[in-house]
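Shown next, in structure tokens, is the structure this report addresses.
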């Protein structure tokens, strides 16, 4: 597992997408209308291609964890406990997602890590979220060299800036090792505070017991319970998509293009989260993406995070909830360097053809222009190779 900074009293910041996005909510297709700046230059020609560096991790693992506890007086102590992780392949290995569960001395821990590869920079981003609030932390960014992966981020601890380092190593297909360390002096010294030793339970990610609360591909959803954490349950399974996209939005354009493709939605955290994968083609090009939907039980709202395989960068989430069968989710972004509001609308989720629309507003929500429409129909014939 990729260790969580949620065990620390950290502040959060999610990088703004700083790009023109066009997306679809549940399957959240985000595509750019112009080349966007990510702040990262292409990798040097000599930089190795690391898109399969995490291939060793797919499957199920038993994890022995040690966490360092700083004492107010006297020496620090370590607490130890066991957990389990399931690691899923996405985008043919250029991304992966793992669910993690453990009973620690301080309570039950349930989380997930989304890892995405940027083929332009040849680096990985590792995003962690806890089921306690369903919010992705800022990513650890880095790569593997000589069999060791190092990933860095900056955060705060007790109000002070710290660097955080993840180190991944593995010895063959059945064991892996992870450490998290903190630095308060700009990386001159590092204080290890988390160690994980992993042993494979099964080499086949599709065998053995399923995660708690998971259902087979097209099994019917359970009735939604209080709070809204099961509002997206009807979308679990495999789907065929028909999409319509307005070109050059907010210009008066009436030029629409169509795309078609397939996708699969997987339940996580017993329904409190979902992973969607999407693959579509059409005049607008080829789009391979994913959406991670996370429910916050404190606010009773959902966050919809999108990433495209072109750069693996997770965009700012759409945030919202369902009311009377209608889901509305909002975010602020830019189009042609001007601020806009973005709205996702979900309806008819429990029907045979759920419906989605995306709209932009240039005037603070007074008026909205629809620029993306999706209708999906259930498919029972997607084979194992079509899944993440």
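On the basis of being at pLDDT below 95 and either surrounded by 17 or more Cβ atoms within 10 Å (Cβ to Cβ) or in contact with a strand residue (DSSP E or B) (Cβ under 6 Å, 6 or more places away or on another chain) (or both), does residue 348 make the cut? Against the criterion (at pLDDT below 95 and either surrounded by 17 or more Cβ atoms within 10 Å (Cβ to Cβ) or in contact with a strand residue (DSSP E or B) (Cβ under 6 Å, 6 or more places away or on another chain) (or both)), residue 348 does not qualify. For the residues 191, 155, 197, 185, the requirement of being more than 20 Å from residue 78 (Cβ to Cβ) and over 23 Å from the mean Cα position of the chain (by Cα) singles out 185.
The residue pairs whose first member lies in the range 337-350 and is at positive phi and free of Cβ contacts under 8 Å to residues at least 40 places away in the same chain, whose second member is surrounded by fewer than 19 Cβ atoms within 10 Å (Cβ to Cβ) and outside any loop (DSSP other than H, G, I, E, B), and whose beta carbons are closer than 6 Å, counting only pairs six or more residues apart or on different chains, are 348/355.
Just one of the listed residues (388, 354) is in contact with a helix residue (DSSP H, G or I) (Cβ under 8 Å, 6 or more places away or on another chain), surrounded by 15 or more Cβ atoms within 10 Å (Cβ to Cβ) and modelled with pLDDT under 95, and it is 388. The single condition among (1) crowded, with 16+ Cβ neighbours inside 10 Å; (2) modelled with pLDDT under 95; (3) closer than 16 Å to residue 91 by Cβ that residue 286 does not meet is (1).
The values are calculated or read from the model by the stated rules, or taken from the named source; none is laboratory data. What you see is a predicted model; the values in this text were computed from it and never measured. Cβ: placed from backbone, ideal geometry, glycine included. Neighbour counts: every protein chain shown.
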